[in-house]
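The values are calculated or read from the model by the stated rules, or taken from the named source; none is laboratory data. Owing to the predicted nature of the structure, the values given are computational and were not obtained by experimental measurement. Don't worry about glycine lacking a Cβ; one is built from the backbone with ideal geometry, like all the others, and counts go over all protein chains shown. Surface areas here come from the heavy atoms of the whole protein model, side chains and all, with no ligands, DNA or RNA. Shrake-Rupley method; radii C 1.70, N 1.55, O 1.52, S 1.80 Å.
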Amino acid sequence: MTAKLARRTLLLLAGLLALSPAPAGGAREAPRLRVDFIDVGQGDAALITSPTGKTVLVDGGPHESSEALVSFLRDHARGPLDLVVLTHRHADHFGGLRAVIETTGALLFMDSPKPHPGRERERLMQALERRKVPVRSATRGREIDLGGGARLTLLTPPEPALTRVRDEVNANSVVLRLDYGRSSFLFTGDAETATERWLLDGKADVHAQVLKVAHHGSSYSSMARFLQAVRPEAAVISVGANNEYRHPAPATLRRLESVGARVYRTDLDGSVTVETDGQRLSIRAAHGPREAVGAR
């Protein structure tokens, strides 16, 4: 693809602030950012909808969640998606993406650069090629304007890549920060403690109101020092019910509790929706009540 076409593709992610009609009384309601942490069983998938309607899907759950994921997107996103980001090349994060590409479509696919071959991965790449979806490698420091003041920043993958760690694919996950006004979200993929140390040592801004807990709440992530730096008010664990890994780990839950985070779990709460006007958060779980959280 030419540089000119690549720039044109990235510009599709930018949008001008669209003000909604003023309600009765003349006051305008502030545009809202929405993040849906989708219940895809033992895997990850989150849909970002910017104040101007731009859509970003972060990961796509396991293959067996394909039908549920496509159904969710059909109800909550006007296709094609503006951007799909794969945090790392494990099947519980990309298994549903082939169905998404073939049904909903996407304008750009941002791939994790850490190799991890497999047949299902090959099928995904073939679907992207058939649909003529441009593929870009995720690079640390890239900023994406989602319109209306919302901004997505890639804090990783680490450079150089982390090696000699427990799981190199997980440790080199793409970590993303989403900012809108005073509200902030941190998406951590399956980042491990080595990733967390790398971020802290590099003075990355990881403080966020909402944390997508790494690696389904496993004991290999969410070390105390990292959680103290994030200081999340809400923490979402994407995890399958009665999973064979026994996620989330009790120790991880205790550490989240110790920093004062309200924990939501997709195995117990279903899909979790967070909306914000840039000041306050409104959190709704499919199996629970709506709650309000103030910006720090």
Single condition Met110 does not satisfy, out of (1) in contact with a helix residue (DSSP H, G or I) (Cβ under 6 Å, 6 or more places away or on another chain); (2) modelled with pLDDT of 95 or more; (3) not acidic (Asp, Glu)
(1)
For Ser71: the one exception among (1) open to solvent by less than 30 Å² (accessible area, probe 1.4 Å); (2) in a helix (DSSP H, G or I); (3) farther than 22 Å from Leu178 by Cβ:
(1)
Does Arg280 meet the test of being free of Cβ contacts under 8 Å to residues at least 12 places away in the same chain and open to solvent by 20 Å² or more (accessible area, probe 1.4 Å)?
no
Within the stretch 82-118, the count of residues that are open to solvent by 50 Å² or more (accessible area, probe 1.4 Å), closer than 20 Å to Gln42 by Cα and not small (Gly, Ala, Ser) comes to 2
Just need a number here: residues in the stretch 118-160 that are under 25 Å from Thr104 (Cα atoms), free of Cβ contacts under 8 Å to residues at least 12 places away in the same chain and assigned to a loop (DSSP other than H, G, I, E, B).
1
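Condition check ((1) without any contact (Cβ under 8 Å) to a residue 60 or more places away in the chain; (2) farther than 22 Å from Val40 by Cβ; (3) surrounded by 22 or more Cβ atoms within 10 Å (Cβ to Cβ)) across all residues:
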{"position": "Asp201", "(1), (2), (3)": "yes, yes, no"}
{"position": "Ser258", "(1), (2), (3)": "yes, yes, no"}
{"position": "Gly270", "(1), (2), (3)": "no, no, no"}
{"position": "Thr273", "(1), (2), (3)": "no, no, no"}
{"position": "His287", "(1), (2), (3)": "yes, no, no"}
(1) of a type outside the set (A, V, I, L, M, F, W, C); (2) buried (at least 19 other Cβ atoms within 10 Å of the Cβ); (3) over 21 Å from Val272 (Cα atoms); (4) in contact (Cβ under 8 Å) with a residue 60 or more places away in the chain: which one isn't true of Gly240, the others all being true?
(3)
Exception for Arg164 within (1) surrounded by fewer than 19 Cβ atoms within 10 Å (Cβ to Cβ); (2) closer than 26 Å to Ala235 by Cβ falls at (2)
Residue check, Ala150 open to solvent by less than 10 Å² (accessible area, probe 1.4 Å), touching a His at 6+ places or on another chain (Cβ under 8 Å) and under 25 Å from Val35 (Cα atoms)
no
Check the stretch 70-81 and report whether any residue there is out of contact with any Ser or Thr (no Cβ under 7 Å at 6 or more places or on another chain), over 22 Å from Ala138 (Cα atoms) and modelled with pLDDT under 95.
yes
Residue match in the stretch 61-68 (condition: in contact (Cβ under 8 Å) with a residue 60 or more places away in the chain and hydrophobic (A, V, I, L, M, F, W, C))
no
Take His247 and decide whether it is under 19 Å from Ala91 (Cα atoms) and assigned to a helix (DSSP H, G or I).
no
